[in-house]
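Worksheet: the structure to be examined is printed underneath.
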Amino acid sequence: MGRAFEYRKATKLKRWGHMARTFTRIGKQIAIAVKAGGPEPENNPTLRAIIANAKRENMPKDNIERAIKNAMGKDQSDYKTMTYEGYGPHGIAILVDTLTDNPTRTVGDVRSVFNKFNGNMGTMGSLAFLFDHKCEFSFKKKDGIDMDELILELIDYGVDDEYDEDEEEGSITIYGDPKSFSEIQKHLEESGFEVVGAEFTYIPNDMKDVTPEQRETIDKMVERFEEFDDVQTVYTNMKPE
């Protein structure tokens with residue numbers, strides 16, 4: 001099991017434990033996608049990807065349709081993607097990915113958590129060297145698929161030559177250059193693969209061991225960040241259990 005897969009599984013298990021906040025997060029993403037590309041998934045690749053994520057996280061169909069309808073019914077605020085970073089207790093690096101219509105409010109909320117846990121909030125980009133920014137796609141595995149051949153086809157789009165297989169879910173996950181998100185998605189769809197998840201992510205390139213007590217403190221800090229509606233995902237370089 002690869003580094004990216006190990007980290008991805010650990011973070012998503014935690015995220016699925018907060019269903020209401022997950023649906024709020026996805027609802028914002030749907031609003032932005034509809035505003036940018038329209039409400040029809042067949043004509044909006046970004047919206048298709050978000051709907052695939054919503055289904056994977058068990059968001060009811062009615063909720064998805066309501067979010068699309070709400071996005072069409074009124075002007076949406078100008079949401080911005082902002083990533084805040086810093087060090088938490090025990091030298092653990094933390095990235096806080098947000099989607100906000102009020103950066104002043106959001107940066108204040110994020111800073112308050114760093115301060116509460118005796119962390120240090122850094123400037124944007126100061127911790128980028130500790131994480132790899134990737135796009136990731138998960139799709140159902142086809143019988144008889146030659147993954148080496150598929151990876152060779154996708155390398156021109158910046159896809160990594162390593163991939164992860166989840167035998168329990170019957171899916172493959174690949175990672176690539178975020179700038180090639182649309183091209184990778186298009187190639188997979190045109191090749192007949194059922195995409196069940198697609199998103200941008202940060203993967204730590206050097207994960208740190210922690211004691212059980214230290215892990216408990218970091219987990220509490222992450223949970224505090226996730227209480228804010230503007231927060232999309234929190235990443236750390238803490239080694240999964």
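Pick from segment 201-210 the residues that are crowded, with 17+ Cβ neighbours inside 10 Å and closer than 20 Å to TYR84 by Cβ: which of them is farthest from the chain's Cα centre (by Cα)? First the steps, then the outcome.
Let us first name the residues in segment 201-210 that are crowded, with 17+ Cβ neighbours inside 10 Å, namely 201-204, 207, 210.
If we keep only those that are closer than 20 Å to TYR84 by Cβ as well, we get 201-204.
On the way: THR201: 5, TYR202: 8, ILE203: 10, PRO204: 13 Å.
Top of the filtered list is PRO204.
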Of the numbered conditions (1) buried (at least 17 other Cβ atoms within 10 Å of the Cβ); (2) among the aliphatic types (A, V, I, L, M); (3) within 29 Å of VAL159 (Cα to Cα); (4) in contact with a strand residue (DSSP E or B) (Cβ under 9 Å, 6 or more places away or on another chain), VAL113 satisfies every one except a single condition; which is it? (3)
Out of the residues in segment 35-58 that are of a type in the set (Gly, Ala, Ser) and assigned to a helix (DSSP H, G or I), state the one that is surrounded by the fewest Cβ atoms within 10 Å (Cβ to Cβ). ALA36
Would you be able to say whether some residue in segment 59-73 is crowded, with 18+ Cβ neighbours inside 10 Å, modelled with pLDDT of 85 or more, in a helix (DSSP H, G or I) and within 16 Å of the chain's Cα centre (by Cα)? no
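What about GLU213, is it without any contact (Cβ under 8 Å) to a residue 60 or more places away in the chain, surrounded by fewer than 17 Cβ atoms within 10 Å (Cβ to Cβ), under 18 Å from GLU165 (Cα atoms) and not basic (Lys, Arg)? Please lay out each step first, then the result.
Working: without any contact (Cβ under 8 Å) to a residue 60 or more places away in the chain: yes; surrounded by fewer than 17 Cβ atoms within 10 Å (Cβ to Cβ): yes; under 18 Å from GLU165 (Cα atoms): no; not basic (Lys, Arg): yes.
In short, no.
Restricting to segment 74-110, what's the tally of residues that are of a type in the set (A, V, I, L, M), at pLDDT 95 or above and under 20 Å from GLU199 (Cα atoms)?
So the first thing to find is which residues in segment 74-110 are of a type in the set (A, V, I, L, M), and the list is 82, 92-96, 99, 107, 110.
Filter once more, so that each one left must be at pLDDT 95 or above: 92-96, 107, 110.
Remaining after also requiring under 20 Å from GLU199 (Cα atoms): 94-96.
Number satisfying all stated conditions: 3.
Taking into account only those residues within segment 127-162 that are acidic (Asp, Glu) and crowded, with 17+ Cβ neighbours inside 10 Å, which is farthest from GLY192 (Cα to Cα)?
Step one: filter segment 127-162 for residues acidic (Asp, Glu), giving 132, 136, 143, 146, 148-149, 153, 156, 160-162.
Narrowing the set further to residues that are crowded, with 17+ Cβ neighbours inside 10 Å leaves 136, 160.
Details: GLU136: 17, ASP160: 20 Å.
Ranking the candidates gives ASP160 first.
Are any residues in segment 88-110 among the hydroxyl-bearing types (Ser, Thr, Tyr) and surrounded by fewer than 20 Cβ atoms within 10 Å (Cβ to Cβ), and if so, which ones? So that I can check it myself, show each step before the final result.
Going residue by residue through segment 88-110, those that are among the hydroxyl-bearing types (Ser, Thr, Tyr) are 98, 100, 104, 106.
If the condition is that a residue be among the hydroxyl-bearing types (Ser, Thr, Tyr) and surrounded by fewer than 20 Cβ atoms within 10 Å (Cβ to Cβ), then THR104 is the only one that fits.
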Looking at (1) more than 14 Å from the chain's Cα centre (by Cα); (2) modelled with pLDDT of 90 or more; (3) under 15 Å from GLN232 (Cβ atoms), which is the only condition ALA20 fails? (2)
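The values are calculated or read from the model by the stated rules, or taken from the named source; none is laboratory data. Predicted model, so just to flag it, every value in this text is computed and none were measured. Positions of Cβ are backbone-derived with ideal geometry, glycine not excepted, and every protein chain shown enters the neighbour counts.
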